[in-house]
Every structure is written in structure tokens, then in C-alpha cells.
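Before any comments, here is the structure.
The values are calculated or read from the model by the stated rules, or taken from the named source; none is laboratory data. Here the structure is a predicted model, which means the values were calculated and not measured. Counting neighbours? That spans all protein chains shown, and the Cβs are built from the backbone with ideal geometry, glycine included.
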Amino acid sequence: MEYDDEEVRPASTRALLRQQVEEQSDLCDLVVKHGLWYRRYHACVLCASPFVQAMIRNNFDEKTNGFLELNLGSPESIDMAIMFLYGKSPKLTMDNVSALINLAEFLLVPNLKAFCIEWIKEIDVSEDNVEKLLHLTSLFDFEMPQLTEYHRQHMTELFEGNQLLTITAETLVHILSDETLSFLTADITFGFLMKWVEHFPEQRKSKLGEILSCIELTKVNSSLKEMAKKDQNFEAFSSLFETVACNENTETMQSVLVTHKEQAYGEFWLFDLGRERWFRIETSADKRFDKIFPCTINESTLCLVESTYNNCTIRLHDFTTDQFSCTSLLLTTCHDQNSQKFDDIFISGNHCYVISVHSVNFTISEEEQVRMKIANEQRLRLMSVLGGSITMMDSLDMVAGVHTYSVLKSTLFSGALSEDGEQTILAPLFSLNVNFRVKVVVNDAKLIALFSENGNYFCIYDEISCTMKKMELKISHNDEVSPFKDGFAIYNTKKIMYIRSNKGPLIERKLTVHETVLCDDGSHSFDTLAMTGTRWLRYRRVYGKQHEVHLDYTFDELGRKNPNDAEWKQIPLPNDSAVDSLVSGMQEIAIPSSKLKCHVECPHCVRIKQEKRSTRRSAEKRKRPDWSTDDDDSDDDVYVGGYSSSYFYDSDDDYYYSSD
């Protein structure tokens, strides 16, 4: 007998066994029946099913009679399920996969069930198959991420349709309790509930109480509630509808903490202080801004500051109407806009304060230089006699004629913000006799703090009494300075200093300083400490648990009390990727509750972004030239900003995507 020395792997018997089944050989010793249909298979192969093996081993009638009768599925699905034991993959469809899973569970063949579920998970979810897929995942209790993402993103359309009428009460409560599905309106939710109860009224009426508690009935349209009063399925809740009708009121303003999402200029995150839930809001802000300040125009407006070296624009943005007006700053001492320089800016109420740094030229005549040289030489001779160190100084060098040199001077400007889109003209208050840069912070009591981050310079100017007081405080680049009540708070992650203003019988205000060292409680570390109004915010990590962080706030006066002794209230984090920059620049505003619709991880908004991105990619592809007829093999491909022409920039994600 000839042989191939390279083929050492034994031949599989599966092909031979499958051939015997196809030919219905006498070697197939077990008959499987379904109604009038029957077919012979190998008992030894079917024993791969624990169910069949148990019957044969225990001398059930199936072994005695020589056949196995199955009363579920169809002849086609039974044959595919059994041939799976022979190593033949079934040809699955949406019509037969449910029957195959049932057979897999009945025959105790977990591999077949796993095969079917993996096939289901690879299906592209669409409006046509979402109902069947929801039924399959619910019936056989498995997760399908694509389906979960689809129905969360299309929940409005699904609630308005009939695809979800078969879901259980527990699933419906879970959907209504999901914070990320807050975009569902009360009308859509209540309308779906009425259809859902009507589908199986006797079984579902008893579940209505728990479901209704998840719906804000005050926001349900009155016509829908009138329909429910006449619906016999809701007759047990007529008194509830009457109570809700009495409590209905007009649109209410909701206090929220607002923070800006990094790299997405028009997206803001808002924490509803009443319901303790996070929301997101898209605005028309389309440019990068550096700072955020509260505004006294109305309770829904913030000042978004966009500044460069010689230009500063303030956007007064109303979050209720998503309307804004822009005003540019003009310093009255500058002859043209290019000559003005903005070093620091602060907005208090409707008043703007700017520190502008400019050069002041000084001249020294030749006679003055001679006198300075003689004085320095005398000083050097004296130091030599006394044994001190001698250092040659640049000032000893003579310059012929008049010597001119410049010194940087900081000037404080102020003025009322223009609210109608015109220029805001700022007038100088005074200049500081210092040769380093300073920053400015102003409180509601008209006290102006002027300080340097690189030196021990901290002064407070009183706009009412026009007096300046220097304070012996050490300020570093790690310190933050914020207005706090009638004083200021200077803080970092190690200590807090609170400067308080006490107005006595004289016009001049007395200033007192209280300092608190932040004690480590042994379980948390401070990453960020911040302020908004009179509210302290902190972001901290738990020792030994890298991914566990806490976000808290308190109204306690931390300049007089250790933070560990304060009454903190925890804020739930918006998502798993929240970072400490969340509290930077956070402000408090009031906004109509109807504007708080979308969670920061709103599935509906994710879907809209994906659709926009897909549209942009398609448009970008259409714009690309067809180089297929380019016979010149030269290096003439276009590159822009380090990226080839096959990439495009997505401003929503601040990322370059391939258009291929």
C-alpha cells in the first residue's frame, strides 16, 4: 500500500458518518421522529447529547423501541441540530434560530446554543429586526451590545411604535430609571405605557403603580391624562391624576452647576442640584475660550472670555435661549488695538477689570551715569577694605551720550460691560510701581486683590475708600485666589487662607487672615479644590483604589474649619472617565428644567454624532479627487498640517479621522 510520509494526521471519520446519514445506511441505528417525519442517525453520535445518553443508558422506551420522538421544532431544525453533533454547521436564519436554541437547551448541547447566540450577535441591528432580536435576548437571557446600543439610541422611535410591547414590567421600570435615557419626554413615555397595558391588561394592571412612579406626571400633556382617566386600565389611579392636575405649575428655573467639557467648545455639563443628576447641553459656542465668569445680566448667563495677547472678546451667553452678544475690550490709553496688551482679566457682576502690561522708557544722561559710576566705585573700594566679596556690575559700563532703558509696568483698567454687542471701553484706575507681572481678582464688596505668582506680593485695593494695603502673604504658582463673600480665599491642596473684611467705624476696612492646614484623613488625597460663589468643591482619590474618586461640595467656611470636619455632600460622577478638571471653572446658574433633557452620555446624542460623522466622511470622500487616471508617479500627494488628504478633522471629537 502506498502512503504519503507527509500526511501523518489521521483522517476524520465525520465525513464518513455524515455520508452514512445521507445514504440512510443500516449502520444508522437510532431513528428520530417528528410527526410523520423520521430519519436514522448513529446512536453513538447522539450520545454527545447528555439527554439522549441518559435515555439510552437507563433503558428508556427510546432504547427499547429504537427511535426517539421529538415534539418541538421542525424536521429541518431537528436535522440541523443533530447534524451539528456530526460537525456540520447549521444554516441559520432569523426564522429558525429560535427553534435551534430551544433544541440545544432540550438536548443539553451548550455548544449549539453558543453557536446560535454568537451568530445573533453578529447581526446588524435595524428597524426591521429589532423586535425579533429583543424577543430573542429576552427569551434566552443573553446580552447583545449592538442591540442594547441601538434600542437606547432609538428609544423614542421604539416607544412610538409597537416593537417593545412584549417587554416585561421589570424591563420597563429599568428603562425609565436609566438616567442616560432622560431624553424621553413624559408624553412619549406615558403614551407608550397606555399601549403597553392594553396589550395584556389583566396581567399588567397590577404593575402600573411602580411604573407610574418613574414618570413625571406633572409634565404629561393634560389631554393624555384625560384619556387615561377614561381608560378602565387606569381607573385605580384617577385620584392620582386629580392630585397631579392640582400641582401643575408653570416652567420652573432649576439651579445647576455648569462646567465645560474639554476640547468641545459648544458642549457643557450641568449638575441638577435638585434631582442630583447630570445633563449635557449643546450651545452655539464655536470658539475656544479661556475663562468663565458668572454674570448679573440674568441668572442664566455666563461670560465666556476669549483672549489673545492684544485682543480680548467676551461672549455673554444666555443658556436659556442659547443666544449671545459679544463685546470686545478697548483700553482708552491705546491709540490702536494692536498696541494694547491683556495680561489678566476678571469679571465681577457686570464690571470688567484688566491688567495691562506696557513698557515705560527711562533716560539717563551722561552726567547721571558718571555720578552712578563714581558711587559704585566708592562702594567697591569700601567693600575691598572691609574684606567683602567684590562683584563687577554691569552698571559700571559707560554709555556715551543719553542712555535709554525700559521697565515693564502693570496698569489696572476697569469699566462696565457693554451688553448690546458694542465695544467695552476700559479706563485706567492706577499703575503699579512693580517690575513683575500681577494678577487681579475682585469680590462683591469692591475689594480688588492684586498679587504675583512668583513673589511675595499681595495687595488689596478698596474701590470705595480708594486705599491700598499690602499684606505679608506668601503666594506661589500653585495657589488659587478666589473672591469669597466680603473677602478672598487663597488655597491649594495643602492649606487655605481666608482674608475677611471687617468694616469698622472708620471708612478704611480692617482685614483679618485665618489659615487652615488641610489634614490628611488617611484614606483620601486632594487632587483639586475649587470654589463657585460660596460653595467649596473638591475632587479626591481614594488611597489604594486608583479608579475610585469622589466629588463633593460644602457651604462651610473652610478658612475657619478643617475640611475633614466640614459637612460635605457627595456629587455622583457623570461617568467613568470624569477627571479633576471637572471642577475647574465650575459656575452656578439657573436654567429652565425643560432644557435639562440629555444626560452626559445620552445615547440619542451619540447616535446623532455618529450620523453627522458618517455624513461628513461621505462628503469628504466625494470631495477627494480620483487619482486612478494619474499617470504621473510623482510625489504630488497633498499633505495639510502633517496629515494626508485622506484624513479629515472632526471638531466634535477634536480628532483626525480617515476618510477611507
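When you check Glu127 against the structure, is it surrounded by fewer than 18 Cβ atoms within 10 Å (Cβ to Cβ) and not in a loop (DSSP other than H, G, I, E, B), yes or no?
On the way: surrounded by fewer than 18 Cβ atoms within 10 Å (Cβ to Cβ): yes; not in a loop (DSSP other than H, G, I, E, B): no.
Criteria not met by Glu127.
Do any residues in region 41-54 that are in contact (Cβ under 8 Å) with a residue 60 or more places away in the chain have Cβ atoms under 6 Å from those of residues that are crowded, with 21+ Cβ neighbours inside 10 Å and not hydroxyl-bearing (Ser, Thr, Tyr), where the two are at least six apart or on different chains, and which pairs are they?
Sorted first by the residue in region 41-54, then by its partner, the pairs are Ala48/Leu85; Ser49/Leu107; Ser49/Val109.
Given Ala416, Ala445, Ala449, which one is more than 19 Å from Asp344 (Cα to Cα), in contact with a strand residue (DSSP E or B) (Cβ under 7 Å, 6 or more places away or on another chain) and at pLDDT 85 or above?
Values: Ala416 fails: more than 19 Å from Asp344 (Cα to Cα); Ala449 fails: more than 19 Å from Asp344 (Cα to Cα).
The conditions single out Ala445.
Determine, yes or no, whether Val600 is under 24 Å from Thr185 (Cα atoms), within 20 Å of the chain's Cα centre (by Cα), in a helix (DSSP H, G or I) and at pLDDT 50 or above.
Numbers: under 24 Å from Thr185 (Cα atoms): yes; within 20 Å of the chain's Cα centre (by Cα): yes; in a helix (DSSP H, G or I): no; at pLDDT 50 or above: yes.
Criteria not met by Val600.
Among the residues of region 71-87, how many are surrounded by 21 or more Cβ atoms within 10 Å (Cβ to Cβ), under 12 Å from Val45 (Cβ atoms) and in contact (Cβ under 8 Å) with a residue 40 or more places away in the chain?
Counting residues in region 71-87 that are surrounded by 21 or more Cβ atoms within 10 Å (Cβ to Cβ), under 12 Å from Val45 (Cβ atoms) and in contact (Cβ under 8 Å) with a residue 40 or more places away in the chain gives 2.
Here are Pro110, Pro90, Pro145: which of them is under 26 Å from the mean Cα position of the chain (by Cα), outside the structural domain of Glu216 (by TED's automatic domain parsing) and not hydrophobic (A, V, I, L, M, F, W, C)? First the steps, then the outcome.
Working: Pro110 fails: under 26 Å from the mean Cα position of the chain (by Cα); Pro90 fails: under 26 Å from the mean Cα position of the chain (by Cα).
Just one listed residue meets the conditions, Pro145.
State whether the residues of region 180-195 include one that is surrounded by 16 or more Cβ atoms within 10 Å (Cβ to Cβ), in contact (Cβ under 8 Å) with a residue 60 or more places away in the chain and part of a helix (DSSP H, G or I).
Yes, region 180-195 has at least one match.
Taking the criterion of being under 24 Å from Leu27 (Cβ atoms) and in contact with a helix residue (DSSP H, G or I) (Cβ under 6 Å, 6 or more places away or on another chain), would at least one residue in region 113-126 satisfy it?
No: zero hits.
To keep it simple, each residue is scored yes or no on (1) surrounded by 11 or more Cβ atoms within 10 Å (Cβ to Cβ); (2) modelled with pLDDT of 70 or more; (3) within 21 Å of Phe451 (Cα to Cα).
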| residue | (1), (2), (3) |
| --- | --- |
| Lys341 | yes, yes, yes |
| Ile345 | yes, yes, yes |
| His351 | yes, yes, yes |
| Ser365 | yes, no, no |
| Ile374 | no, yes, no |
| Val402 | yes, no, no |
| Lys409 | yes, yes, yes |
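Just a yes or no: is a residue in region 274-290 crowded, with 16+ Cβ neighbours inside 10 Å, more than 28 Å from Val407 (Cα to Cα) and basic (Lys, Arg)? Break it down into steps so the answer makes sense when it comes.
Within region 274-290, the subset crowded, with 16+ Cβ neighbours inside 10 Å is 277-281, 283, 285, 289.
Among the residues that remain, those that are also more than 28 Å from Val407 (Cα to Cα) are: 277-281, 283, 285, 289.
So of that shortlist, the ones also basic (Lys, Arg) come out as 277, 280.
Yes: one or more hits.
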